[in-house]
């Protein structure tokens, strides 16, 4: 039996998958969320109430008897929705407070940051941990500040910077693209050969499980991504394959698609779709991580599961 692990934000997309996987791997799990009833009931998972991160909280009760922590809780990237100060409060200051409370009590705290703490929407060359972190929005800056506060606390820690995560129940940009893929209409993505790194939820779970215990992960920051990037054309084709449909992609001048997206106020979405963003996770692989799920296979399986045809 392993030590007890506290997972904050355990009712979210990442938290549900991680809590179940760690419990299956014989970790006693204390899964914390604002609404514990939203956490699936599983053997080995203790569901508890988590404090509101918008205010300073007492973490002592949640940390009692805990040997490891995975801090997932935070507010997701939502441009224009929250004031910058609230991003900083929830994603940075609360993480620092938890780390300070855990100092001297836990063997390892894993802070789930984001690749957005390192870069914006586009990258003109593959990213590694050696690149200077230059976040471009309030969310990324808050995550980077959270990393710094955790490191300054003195708690034994590891930081993970995942790229966009996909899997059943995903939200955000990947969900929006999946919605497009579900339509019968042809999509103008055949000419999009740019490549972007994604991350299967199962691969992120295995990375987290590794760094919870690996001595080589102590005090380190790791980018996390599937082994190979994928083009947007191949991504949409994989989505439609998972739905049992042909790709039905057409080639349209990219300038025309850009103007169309801009006319609908979706210029940022176009940047995400049309630009390159490749992440190399060689550092994490160097300590033994193996991303078993290949992006194309994972996307096909995700769509089959969403469509109720998973085997």
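Considering only alpha-carbon pairs that sit under 8 angstrom and 6 or more positions apart, the relative contact order computed for segment 93-146 is 40 percent. Take every DSSP beta bridge with both residues inside segment 89-246 and express the antiparallel ones as a percent of the total, to the nearest 5. Rounded to the nearest five, the antiparallel share is 15 percent. Pairing the Cα long axis of helix 138-153 with the longest principal axis of the chain, what angle in degrees results, from 0 to 90 and rounded to the nearest 10? Helix 138-153 sits at roughly 30 degrees to that axis.
What share of the DSSP beta bridges in the chain is antiparallel, in percent to the nearest 5? Write out the running numbers ahead of the final one.
Working: 2 of 32 bridges.
Bridges in the chain that DSSP calls antiparallel: roughly 5 percent.
A straight chain from residue 245 to residue 25 at 0.36 nm per residue would run longer than the Cα-Cα distance by 75.6 nm.
Using Cα atoms only, what is the angle between the long axis of helix 232-242 and the major principal axis of the chain, expressed in degrees (0 to 90) to the nearest 10? Approximately 80 degrees, to the nearest ten.
Among 303, 285, 50, what is the fewest-to-most ranking by other Cβ atoms within 10 Å? Display every interim value, and only then the final one.
On the way: 303 24, 285 14, 50 21.
The most exposed by this proxy come first: 285, 50, 303.
Between residue 56 and residue 297, the contour length at 0.36 nm per residue exceeds the alpha carbon distance by 82.5 nm.
Kindly identify segment 22-69 as rounded, prolate or oblate by the Cα gyration tensor criterion: order the square roots of the eigenvalues as a ≥ b ≥ c, call it rounded if a/c is under 1.5, otherwise compare a/b with b/c, prolate if a/b is larger, else oblate.
Details: a/c = 2.89, a/b = 1.44, b/c = 2.00.
In terms of gyration-tensor shape, oblate.
Inverting the pair-averaged 1/r between distinct Cα atoms of segment 17-140 gives 16.3 Å as its Kirkwood hydrodynamic radius.
In the chain, the DSSP-assigned H stretches of four residues or longer account for a calculated mean residue ellipticity at 222 nm of -10500 deg cm²/dmol, using -39500 (n - 2.57) per stretch and the full residue count as denominator.
Calculated FRET efficiency, residue 2 to residue 171, Cβ-Cβ distance, R0 = 35 Å: about 0.70 to the nearest 0.05.
Take 68, 280, 55, 248 and order them by how many other Cβ atoms sit within 10 Å, fewest up front.
Details: 68 22, 280 18, 55 9, 248 15.
Listing 68, 280, 55, 248 from fewest to most nearby Cβ atoms yields 55, 248, 280, 68.
Relative to the dominant Cα principal axis of the chain, helix 254-263 is inclined by about 60°. Projected label points at residue 256 and residue 152, each 7 Å from Cα along the beta carbon direction, are separated by 5.3 nanometres.
With a cut-off of 16 Å on the backbone N, the residues of segment 109-152 near the modelled label site 7 Å out from residue 285 along Cα-Cβ are 126-130. Calculate log10 I(q)/I(0) of the chain for q = 0.07, 0.08, 0.13 Å⁻¹, where I(q) comes from the Debye formula with a single equal point scatterer on each Cα and nothing for solvent. Taken in order of the listed q values, log10 I(q)/I(0) reads -0.27, -0.36, -0.95.
Over the chain, what is the mean sequence separation of C-alpha contacts under 8 Å (at least six apart), divided by residue count, expressed as relative contact order in percent? If you can, show how the numbers build up before the last one.
Details: 624 pairs, mean separation 52.6, N = 311.
Dividing the mean separation by the residue count of the chain yields 17 percent.
For segment 92-217, what relative contact order do you get, as a whole percent, if you take Cα pairs closer than 8 Å and at least 6 residues apart?
On the way: 146 pairs, mean separation 40.1, N = 126.
Relative contact order here is 32 percent.
Using the Cβ-Cβ distance between residue 180 and residue 125 with R0 = 35 Å, the FRET efficiency computed as 1/(1 + (r/R0)^6) comes to roughly 0.75. With each label modelled as a point 7 angstrom along the Cα→C-beta vector, the residue 86-residue 105 pair spans 2.8 nm. The orientation-averaged shadow of the Cα convex hull for segment 182-311, equal to a quarter of the hull surface, comes to 9.4 nm².
All Cα-Cα distances of segment 93-210, cut into 5 Å bins from zero to the largest, leave 2, 10, 16, 18, 19, 15, 9, 5, 3, 2, 1, 0 percent in each bin in turn.
Each reported figure results from applying straightforward, stated rules to the coordinates on display, with no laboratory input. Quantities reported herein were computed from a predicted structural model and do not represent experimental measurements. Neighbour counts run over all protein chains shown; Cβ positions are idealised from the backbone, glycine included.
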